[in-house]
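Engineer: Below is the structure I would like to discuss, written out as structure tokens.
The values are calculated or read from the model by the stated rules, or taken from the named source; none is laboratory data. Because the structure is predicted, anything quoted here is derived from the model rather than measured. Cβ coordinates were reconstructed from backbone atoms using ideal geometry, including for glycine residues, and neighbour counts include every protein chain displayed. With ligands, DNA and RNA removed, areas are computed over all heavy atoms of the protein, side chains included. Shrake-Rupley method; radii C 1.70, N 1.55, O 1.52, S 1.80 Å.
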Amino acid sequence: MATDLLKTFVQMCNYLQDPRHVARFQKVCGVKGTFPVKPSEPDRAESEPESPVLRKRGPDSSVVNGAAGDAKGMQGDITAGPDFPSVDPDTTRAKPLRKNSLTGDVGQEFLIHNKFLFYLFTFGTELGNEMFFIVFFPFLFWNIDALVSRRLIVVWAWNLFVGQSTKDMVRWSRPASPPVVKVEVFYNSEYSMPSTHAMTGTAIPFCLFMLTYGRWQYSFLFGFSVALSWSVLVCVSRVYMGMHSILEVITGFLYSLLILAFFHPLLETIDSFYMTDRFAPLVIIVSHVSLGLVAFSLDSWSTSRGDTAQALGTGVGAAIGTHVNYQLGLLLDPQLSSLPLTLPPISFSLVFLSLLRFVIGVAVILVTRMVMKAVTIPSLCRLFGLPTDDVRQARQHMKVELPYRYIVYSVVGFSCVSVVPLFFKIFSLA
């Protein structure tokens, strides 16, 4: 009985991992590839799909356009002909917005028949990228609820660490292309199981819902609907982009809920420790750096691995900023007696002040990030005797990338939580 159940489970996983399901979903959503057809084997991609369970990348190989192989045949513009007929006026030719973070590959041109879904899912996938978090966490911290924001950062950092570490142990490559169309190629050369976009796209909205329900005045149905819609949009967008199979997205969704179930009861204890314990800064630095060393030692450098160190570095800075604010009496969370909180009446002055804080604060963070990046990378290269003329190559060394991410983003996190609010207070913007 147990053997039959296991066999059925494996068969179901193999079915959900099949890249042809991703390709079919893309076709339904109006995405069409421009793959060159070889006369000798026109149906090879459809008739002989690669085994999803055995689809692992070797230590010295790279995955190009979703499968290991030659990238040259997957690039170049298309022209009208028997294989690529003229494009109708409602169809848009497009290429991935960002080139591959490791290989520099710009990706292959594809056709978009449904512009609404293209923009919708592009927005959805951006909800899991760096720039969104640079915008979202500070806005939440400066304008709405600092307590919720700093606890979300804890969940975000741990979520990325666990997800990326799992990727490096499972080592599945991206869905094969063809048949999948690579609408995005930025993370294409990296491992894919589970989807960390699906994980963060689930953890952040549901944790936000769990932290604010009862603390802020709104209905359960409204909060749950927003969280679920956010999560579904991010998860489905990863299939649309051709970055993940259905199995990888489902796994990321469920994995994230498991992590959230473990961490949510501990968030108040962690937050209290960060604020009050005199050894908190030392524990914060040692624990987060140790986690980064573990994540970086599992496999070779990649952009998503760097993103993990970035999240951990941000967590370090935000946690130390929380400690400093509390010790200096600058951390003024609302009293429990004032709960539940309600949004103040929307007025021109409120909107203007919120936008002013946001614009000034983000400007400070971006300038801080730019200056720290310009100083840190050359300094680390000189320290370790590496050439400074090729930043991409230098950052593939753990001894450069790990301290770079930690130093830069710990300063960014500290600035967001401590420096910028102090600036607001001095200039009466708080």
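Engineer: Compute the accessible area per residue over segment 208-331, keeping the other protein chains in place, probe 1.4 Å, unit Å².
Structural biologist: Result: 42 Å² per residue.
Engineer: I want to check the label-to-label distance for Ile360 and Asp389. Put each point 7 Å from Cα in the C-beta direction and report it in nm to one decimal.
Structural biologist: Computed distance between label sites Ile360 and Asp389 equals 4.5 nm.
Engineer: Can I ask one more? Once R0 is set to 41 Å, what does the formula 1/(1 + (r/R0)^6) return for the Cβ-Cβ distance between Ser428 and Val375, expressed as a FRET efficiency to the nearest 0.05? Each step should come with its number before you reach the end.
Structural biologist: Numbers: r = 32 Å, r/R0 = 0.77.
Rounded to the nearest 0.05, the efficiency is 0.85.
Engineer: May I ask you to order 126-138, 375-387, 146-158 by the average number of other C-beta atoms within 10 Å around their residues, highest value first?
Structural biologist: Values: 126-138: 17.2, 375-387: 14.7, 146-158: 22.6.
Packing proxy ranking, top to bottom: 146-158, 126-138, 375-387.
Engineer: Ignoring ligands, DNA and RNA, what percent of the accessible area of segment 323-430 is carbon or sulfur (1.4 Å)?
Structural biologist: 71 percent
Engineer: Count charges around Ser338 for me, please; just the other residues with Cβ under 14 Å from its Cβ, Lys/Arg as +1, Asp/Glu as -1.
Structural biologist: With Lys, Arg at +1 and Asp, Glu at -1, the net is -1.
Engineer: In Å and whole numbers, how far do the C-alpha atoms of segment 96-229 stretch along each principal axis, longest first?
Structural biologist: Extents along the principal axes: 49, 37, 25 Å.
Engineer: Just to confirm the filter: which GluC sites (Glu not before Pro) across segment 154-262 are DSSP coil and have at most 12 other Cβ within 10 angstrom of their Cβ? Numbers along the way, then the final one.
Structural biologist: On the way: sites: Glu184, Glu190, Glu248; in loops: Glu184, Glu190.
Those that pass, being in a loop and sparsely packed, number zero.
Engineer: Return the carbon/sulfur percentage of the accessible area of segment 176-261, one whole number, probe 1.4 Å, all protein chains in place.
Structural biologist: Using a 1.4 Å probe with all protein chains present, segment 176-261 comes out at 80 percent carbon and sulfur.
Engineer: For segment 210-365, what Kirkwood radius comes out of the mean inverse Cα-Cα distance, in Å?
Structural biologist: 19.4 Å
Engineer: Under 5 Å between amide hydrogens, which residues at least 5 positions from Trp172 or on another chain qualify, with H placed 1.01 Å from N in the peptide plane?
Structural biologist: Ser192, Met193
Engineer: Turning to a different aspect of this structure: What is the extension gain from Leu266 to Gln335, computed as 0.36 nm multiplied by their sequence separation minus the C-alpha to C-alpha distance, in nm to one decimal? Mind dumping the intermediate values first?
Structural biologist: On the way: separation 69, 0.36 × 69 = 24.84 nm, distance 2.03 nm.
So the chain would gain 22.8 nm between Leu266 and Gln335.
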